[in-house]
Amino acid sequence: MATDIVCTRNGARIADEIWISGCLGSSSVGLCLLQTGHGDLFPELVKSHLDPVPQIGLGGVLAKTGLVTSMMDSSDGIATDLAHICTESSCGAVVYGGLLPISAMVKEAAVLTGQNPLQQALLGGEDYGLVFTVKAGQGKGLARRIKADIGLDISLIGVIDSGQGVRLSAGDTMTDISFQGYEHK
C-alpha cells in the first residue's frame, strides 16, 4: 500500500530557500483585463483567471524529494501565503523583488490596466502555483531535477530568516508585506 507524503506549512527553517512554481500575477492581471474590457488582448491571462490549474502533481513530486520543508498553494498571493508558512514555522522571510517570476505579458497587461505588475505578483493570488521552502543550498539541484523530470520551471524568490513576517527587498528598501494578499474571513 502506497503512502502519500504530506508536506505542511510548519517545517520552514532559518536559511531555507523560498521557491515558487510558475509565474506570478497571471490570474489577477487576467481579472483586471476582464474588468477593464481588454480581455481579448491577452486571452492566456484571462484563461489563467477563469480556469486555474492547481499543481497537485508537482506538489507530490516535491514532497517525495525530501528536500522540501514546507509548502502550500499560492492562491491568496505570495505575501499572504508565505506569511502563513512563516507564522506556522515561527520564522520570517525575505522575498527579493528582482527574483519574482513575472512574465513580460503580465507586465504589459498590468500597465495597460493601470496596475503595478510587482503588486499584482505579490498580492493578487489565484495563480495556484506552489510556494515552498527547500533546505539551504539544495534548490538549484532540485530545480534542474524538476525541469528534467516533469518539464516545469521553479524559481528561487527568497530566504527564510529569524525575523518577523514577510519582507520585500527591493533595491535599498525593505518593506513588510505580510498578509497583504487575500485573507479568508
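Read the figures in this text as sums done on the coordinates, not as results from a lab. Keep in mind that this is a model prediction, so the values were computed, not measured. Neighbour counts are summed over all protein chains in view; Cβ atoms, including those assigned to glycine, are modelled from backbone coordinates with ideal geometry.
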Counting only C-alpha contacts under 8 Å and six or more residues apart, can you give the relative contact order of the chain as a whole percent? 39 percent
Can you give me the orientation-averaged projected area of the convex hull built on the Cα atoms of the stretch 136-185, in nm²? 5.7 nm²
When the chain is modelled as a GNM with alpha-carbon springs shorter than 10 Å, which of Gly129, Gly114, Gly165 fluctuates the most? Gly114
Farthest positive-ward along the chain dipole, Cα basis, beta-carbon charges - from Leu118, Leu31, Val159: Val159
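Okay, helix-only estimate at 222 nm for the chain: each DSSP H run of n ≥ 4 adds -39500 (n - 2.57), divide by all residues, round to 500 deg cm²/dmol; what do you get?
Using -39500 (n - 2.57) per qualifying helix, the result is -11000 deg cm²/dmol.
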If you stretched the chain out fully between Lys147 and Glu44, how much longer would it get, using 0.36 nm times the residue separation minus the C-alpha to C-alpha distance? 34.9 nm
Work out how much length Asp161 to Asp176 would gain on full extension: take 0.36 nm times their residue separation and subtract the Cα-Cα distance, in nm to one decimal. 4.0 nm
Return the single residue from His84, His49, His38 with maximal mean-square fluctuation; model: Gaussian network over the chain, springs between Cα atoms under 10 Å. His38
For the chain, the spread of Cα positions along each principal axis, largest first, Å: 48, 42, 33
In nm, to one decimal, how far is the modelled label at Gln119 from the one at Val53, with both set 7 Å along Cα→Cβ? 3.0 nm
Placing unit charges on C-beta atoms (Lys and Arg positive, Asp and Glu negative, everything else neutral), compute the dipole magnitude of the chain about its Cα centre in debye, rounded to 20. 500 debye
Within the chain, the percent of DSSP beta bridges that are antiparallel, given to the nearest 5, stands at 80 percent
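Evaluate 2.2 N^0.38 Å with N set to the residue count of the stretch 101-185, then give the Cα radius of gyration divided by it.
1.26
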Restricted to pairs 8 or more residues apart or on different chains, the lysines in the chain with C-alpha atoms under 28 Å apart form a number of pairs equal to 9
